1. Determine whether ALA138 is open to solvent by 10 Å² or more (accessible area, probe 1.4 Å) and at pLDDT below 95.
2. So LYS69 fits all but one of (1) open to solvent by less than 70 Å² (accessible area, probe 1.4 Å); (2) touching a strand residue (DSSP E or B) at 6+ places or on another chain (Cβ under 8 Å); (3) farther than 19 Å from ARG274 by Cβ; what number is the exception?
3. Small (Gly, Ala, Ser) and touching a helix residue (DSSP H, G or I) at 6+ places or on another chain (Cβ under 7 Å): does that describe ALA200?
4. Can you tell which of SER126, SER105, SER119 is within 15 Å of the ligand (Cβ to nearest atom), open to solvent by 10 Å² or more (accessible area, probe 1.4 Å) and over 20 Å from ARG313 (Cβ atoms)?
5. Could you list, in sequence order, all residues of the range 298-331 that are touching a helix residue (DSSP H, G or I) at 6+ places or on another chain (Cβ under 8 Å) and either hydroxyl-bearing (Ser, Thr, Tyr) or assigned to a loop (DSSP other than H, G, I, E, B) (or both)?
6. Looking only at residues in the range 221-254 that are outside any helix (DSSP H, G or I) and under 24 Å from the mean Cα position of the chain (by Cα), which one is farthest from the ligand (Cβ to nearest atom)?
7. Step by step: first the residues of the range 175-220, then only those that are open to solvent by less than 50 Å² (accessible area, probe 1.4 Å) and free of Cβ contacts under 8 Å to residues at least 12 places away in the same chain, then the one that is nearest to the ligand (Cβ to nearest atom). Which residue is that?
8. Going by the structure shown, is VAL261 surrounded by 21 or more Cβ atoms within 10 Å (Cβ to Cβ) and under 10 Å from the mean Cα position of the chain (by Cα)?
Amino acid sequence: MRVSEIVTLQAYLDRWAGTDAGRKAVAGAVRTIATTGVGIADLVARGPLEEGLAKIRGTDPNAGGDAQKELDVIAEERIVTALKGTEVAFLASEESEELIPVNTSGRLVVAVDPLDGSSNIDTNVSVGTIYSILPYDAAAHANPAAAVMRTGSHQVAAGFLAYGPATILVSTLGEGTQVFVYDRDKADFFLARDQVEIPAETKEYGVNQSNVRQWHAPMAAYIADCLAGKDGPRAKDFNMRWVGSMVADAFRIFTRGGVYVYPSDKRKGYENGRLRLIYEANPVAFLTEQAKGAATDGKTRILDIVPHHIHQRIPLVFGSKAEVEKIASYY
Ligand code: AFP
């Protein structure tokens, strides 16, 4: 829904939070992550002028086994430093094996993918930051990890920033999904779309098709039927788009519908897909459901899945509701 009045991110957050201390804490964390994102966007926007952002840092892979790029680490450092001034007690990050203590008297925990799409850093393609916010109660949670290791349905807020031609924030506070755009002239985020709705039907899917021979039967059958087009069982032609940065594929889906698919496959390390449950799949699933879409691991609702490890991977399918349900019928 296009917005009629000029609303800044801060005004939107203040209106949502009112005088509720818990909501004000969430609003503070969202605002801080958004502002930190602008600094990361500035770095990304310098492209080749900013030497070495795509350089591999050190020899050890990150917690998820991926090579750590310079910008991955810079983004994490900036987010940790900025969140020190908020009510975030601990941070789970793709770039750190263990939870990072932030402001341990805080009432929130945040899970973050500081830089999504790092394989695209030096190709001038959109990259981003993904975050998930959950309540934290030191008394209730024996160890802080317990606060993070809950189903995605416990999230109180989630979002992603996309650093592309425009710097975009897609956010949910559990009352629908909103799109904010950063206006560089006014140095602030403005509400561009409120109550986003993902069309239920689509003729567009996103998948890394180079993995087709690695797929298990259900996914291979689904894509084969899409490729068969109007002469096939789906009786309609499909288009395919794949950016390699989930934030960019996700924003396209929030804009015009479609499905994103990263299934489990036969490659070593991909038995459970590629995306991480806690700081990639859960936040995108919350945003998608709040925008009337759906998100599964192929068949099970992502937000119902109980995590067993902070960096666990999960097969991921999200987007247009009817198409996500169609995919589930192949399993
Ligand atoms: P990186 O952040 O390690 O580049 O991973 C990006 C990502 O998690 C997601 O953003 C992409 O959609 C997906 O991986 C791309 O995976 P492929 O490189 O296998 O296509």
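The values are calculated or read from the model by the stated rules, or taken from the named source; none is laboratory data. As the structure is a computational prediction, the values presented were derived from the model and not from experiment. Cβ coordinates were reconstructed from backbone atoms using ideal geometry, including for glycine residues, and neighbour counts include every protein chain displayed. With ligands, DNA and RNA removed, areas are computed over all heavy atoms of the protein, side chains included. Shrake-Rupley method; radii C 1.70, N 1.55, O 1.52, S 1.80 Å.
1. On the way: open to solvent by 10 Å² or more (accessible area, probe 1.4 Å): yes; at pLDDT below 95: yes.
Judged against the criteria, ALA138 is a match.
2. Going through (1) open to solvent by less than 70 Å² (accessible area, probe 1.4 Å); (2) touching a strand residue (DSSP E or B) at 6+ places or on another chain (Cβ under 8 Å); (3) farther than 19 Å from ARG274 by Cβ one by one, LYS69 breaks only (3).
3. Yes.
4. Details: SER105 fails: within 15 Å of the ligand (Cβ to nearest atom); SER119 fails: over 20 Å from ARG313 (Cβ atoms).
Sole residue among the options that is within 15 Å of the ligand (Cβ to nearest atom), open to solvent by 10 Å² or more (accessible area, probe 1.4 Å) and over 20 Å from ARG313 (Cβ atoms): SER126.
5. GLY298, LYS299, ILE305, PRO307, ILE310, HIS311, GLN312, ILE314, SER320, TYR330, TYR331
6. Step one: filter the range 221-254 for residues outside any helix (DSSP H, G or I), giving 232-245.
Subsequent filtering for residues that are under 24 Å from the mean Cα position of the chain (by Cα) retains 239-245.
Values: ASN239: 17, MET240: 13, ARG241: 11, TRP242: 7, VAL243: 7, GLY244: 5, SER245: 5 Å.
The selected residue is ASN239.
7. Checked the range 175-220; the qualifying residue nearest to the ligand (Cβ to nearest atom) is ALA220.
8. Values: surrounded by 21 or more Cβ atoms within 10 Å (Cβ to Cβ): yes; under 10 Å from the mean Cα position of the chain (by Cα): no.
It is false that VAL261 is surrounded by 21 or more Cβ atoms within 10 Å (Cβ to Cβ) and under 10 Å from the mean Cα position of the chain (by Cα).
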